[in-house]
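Colleague: Dropping the structure in here first, questions after.
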């Protein structure tokens, strides 16, 4: 089995990829306005990729890295590796601040998306750069990711900022 690097790209130079792929890893570049609508920031690209590659997960892919076209602003020590479940790339995380509108909306949306009360605080991967096992992705139904895609493409950026804070919960990493 292999690892897959999934890059959400919108005009960034991704020539860095050739020097960063370890043996057994391949890269998929999801182009905004070509592969996927240019709404929903990186989150829509990740969800589109999950839907399109659903049947390969666990059969041919064991770990997926999701990142932006230029991840180094958030993850200066970019390193691909296998993970057991979920790990913020570079170990960089941010914490919610309930005085910020996006974070307030996370607390409101949490019960609707996950069917349980908001836990009060959440640490999340800054810049939505993270590693996740294919098994953790497949623990949710494909329809769940399809509904999240619809959710993040409803507004230009707002819902994607909300989902950025929810990735650990999506993969039960909390």
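Colleague: Please go through the range 97-107 and pick out each residue that is touching a helix residue (DSSP H, G or I) at 6+ places or on another chain (Cβ under 6 Å), within 20 Å of residue 144 (Cα to Cα) and without any contact (Cβ under 8 Å) to a residue 60 or more places away in the chain.
Modeller: The answer is 105, and nothing else.
Residue-wise test of (1) within 22 Å of residue 144 (Cα to Cα); (2) surrounded by 20 or more Cβ atoms within 10 Å (Cβ to Cβ); (3) touching a residue at least 24 places away in the same chain (Cβ under 8 Å).
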position: 21; (1), (2), (3): no, no, yes
position: 33; (1), (2), (3): no, no, no
position: 52; (1), (2), (3): yes, no, no
position: 62; (1), (2), (3): yes, no, yes
position: 69; (1), (2), (3): no, yes, yes
position: 76; (1), (2), (3): no, no, no
position: 89; (1), (2), (3): no, yes, yes
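Colleague: Taking the range 125-172, which residues are outside any helix (DSSP H, G or I) and touching a strand residue (DSSP E or B) at 6+ places or on another chain (Cβ under 6 Å)?
Modeller: 125, 129, 130, 131, 132, 133, 165, 171
Colleague: When you scan the range 39-47, do you find a residue that is more than 19 Å from residue 166 (Cα to Cα) and modelled with pLDDT under 90, even just one?
Modeller: Checked against the condition, which is being more than 19 Å from residue 166 (Cα to Cα) and modelled with pLDDT under 90, the range 39-47 yields no hits at all.
Colleague: So, in the range 15-38, how many residues would count as being part of a loop (DSSP other than H, G, I, E, B) and either farther than 24 Å from residue 153 by Cα or modelled with pLDDT of 95 or more (or both)?
Modeller: Qualifying residue count, the range 15-38: 6.
Colleague: If you don't mind, there's one more thing I want to ask. Any idea how many residues of the range 39-80 are farther than 14 Å from residue 133 by Cβ and outside any loop (DSSP other than H, G, I, E, B)?
Modeller: 18
Colleague: Of the conditions (1) surrounded by 14 or more Cβ atoms within 10 Å (Cβ to Cβ); (2) within 15 Å of the chain's Cα centre (by Cα), residue 172 satisfies every one except a single condition; which number is it?
Modeller: Among (1) surrounded by 14 or more Cβ atoms within 10 Å (Cβ to Cβ); (2) within 15 Å of the chain's Cα centre (by Cα), residue 172 violates only (1).
Colleague: Please determine whether any residue of the range 108-115 is more than 27 Å from residue 30 (Cα to Cα), free of Cβ contacts under 8 Å to residues at least 12 places away in the same chain and part of a loop (DSSP other than H, G, I, E, B).
Modeller: Yes, the range 108-115 has at least one match.
Colleague: Does residue 132 count as in contact (Cβ under 8 Å) with a residue 40 or more places away in the chain, within 15 Å of the chain's Cα centre (by Cα), farther than 25 Å from residue 84 by Cα and crowded, with 16+ Cβ neighbours inside 10 Å?
Modeller: no
Colleague: Here are the criteria: (1) farther than 17 Å from residue 127 by Cα; (2) out of contact with any strand residue (DSSP E or B) (no Cβ under 7 Å at 6 or more places or on another chain); (3) buried (at least 22 other Cβ atoms within 10 Å of the Cβ). Tell me which single one residue 3 does not satisfy.
Modeller: For residue 3, the failing item is (2).
Colleague: Going through the range 35-50 one residue at a time, which ones are in contact (Cβ under 8 Å) with a residue 24 or more places away in the chain and buried (at least 16 other Cβ atoms within 10 Å of the Cβ)?
Modeller: Those that are in contact (Cβ under 8 Å) with a residue 24 or more places away in the chain and buried (at least 16 other Cβ atoms within 10 Å of the Cβ): 39, 40, 41, 42, 43, 44, 45, 46, 47, 48, 49, 50.
Colleague: What number of residues within the range 81-107 satisfy the criterion of being more than 14 Å from residue 165 (Cα to Cα), assigned to a loop (DSSP other than H, G, I, E, B) and at pLDDT below 85?
Modeller: 1
Colleague: Right, something else. Say whether the condition of being within 19 Å of residue 170 (Cα to Cα) and touching a strand residue (DSSP E or B) at 6+ places or on another chain (Cβ under 6 Å) is met by at least one residue in the range 97-111.
Modeller: Among the residues of the range 97-111, not one is within 19 Å of residue 170 (Cα to Cα) and touching a strand residue (DSSP E or B) at 6+ places or on another chain (Cβ under 6 Å), which makes the answer no.
The values are calculated or read from the model by the stated rules, or taken from the named source; none is laboratory data. Please read these numbers as outputs of a predicted model, since none were measured by experiment. Counting neighbours? That spans all protein chains shown, and the Cβs are built from the backbone with ideal geometry, glycine included.
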